[in-house]
Amino acid sequence: MKSVPHRKSDQGRVVAICGGVGGAKLALGLSRAVGSDLTVIVNTGDDFEHLGLAISPDLDTVLYTLAGVANKELGWGRADETWNFMDALRHLGGEAWFQLGDRDLALHVQRTQQLNSGVSLTSFMQKAARQHNIAATILPMSDDPVRTMLSTSRGRLAFQRYFVEHRCAPQVNGIFFEGAEDARPSNEVLSALQAPDLRAVIICPSNPYLSIDPILAVPGMRSLIEGAKAPVIAVSPIIGGAAVKGPTTKIMAELGVPSTSRSIARHYGGLLHGLIIDADDAAEGDEIRSLVHAVPTLMKTDQDRDRLAREALKFADQITADLRQKARASM
């Protein structure tokens, strides 16, 4: 297992907001840049119960990615996986539409037992991160259940049914977050976003509608981010009019939203101090009414992730310096 350096950056703490594979890639770059100064707040709207087990797909993707054990070929799950459990389940006529590898299964079983015994999801993930030798802090957006539901051409579908079982085929007419009104950020999330030495809040290039909106739907979360004592920047998931992978582009089209970084900026609205867009879309920056930084954003290698993480931190630091300069000039 590859070890992540437990170093501190000495420049303040960083909070990453993310979900899914794209978000996890940037979170890895940030963890390599700032070590234990990173806190990753992860979407749990995708969580669901399957075969009696508590499954947390986005949390697990971040965990496995930061631990260096993610399955890069599949884009989800663990590397060096075997599938004996699924083969046996399929032979017995069980629900085999959601793939659970043998190694991955151990995490789900342990999480289910811990949650049933009264341990919070936050506590479980903190312990799992330590066991995987991860320097960064990984936090679920809330310990209260929030479930992403989609209104589609095939009726109301839970996210995993839409995403995995139906392979994103149904047309999406609306998205809502069941249970969000009763959820609250955990004390650990509060502490991370209210840290006096906070350097930056970085919204990763995750699907804004399916990965970031569930986080923002938790009451109090948006105001916490807006009130953070650090710049809030987002990395657009759109490159050349399309998302790199996943249903982002399809959903935007079905909701009548153009697949542009300008749409991403409008979606987040006043939450942002700045937006990072791909260098090939630099001309679009003139149309976005916020501070824009255009750099290569496609992350194919660890070097790409490290470079984008450095660019995001540099952009945030520049925004901080500019705001301080303006404040001094107005005195």
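Bear in mind these aren't lab numbers, they're just calculated from the coordinates by the rules spelled out. Fair warning: this is a prediction, and the values are worked out from it, not measured in the lab. Please note: Cβ atoms are built from the backbone with ideal geometry, for glycine as well, and neighbour counts cover all protein chains shown.
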With a Förster radius of 30 Å, plug the Cβ-Cβ distance of residue 74 and residue 181 into 1/(1 + (r/R0)^6) and report the FRET value to the nearest 0.05.
0.30
Say R0 is 35 Å: what FRET efficiency, to the nearest 0.05, do residue 245 and residue 306 get from their beta-carbon distance?
0.95
Under-5 Å amide H pairs with residue 186, H placed in peptide plane, nonlocal only
143
Using a Gaussian network model on the chain with a 10 Å cutoff between Cα atoms, which of 214, 237, 296 fluctuates the most?
296
Starting with the highest mean, order 190-196, 141-147, 124-130 by the number of other Cβ atoms within 10 Å, averaged over the residues of each peptide.
141-147, 124-130, 190-196
Of 72, 229, 250, which has the largest mean-square fluctuation in a 10 Å C-alpha GNM of the chain?
72
In region 13-313, what is the count of Lys pairs whose alpha carbons are under 30 Å apart, counting only pairs at least 8 residues apart or on separate chains?
14
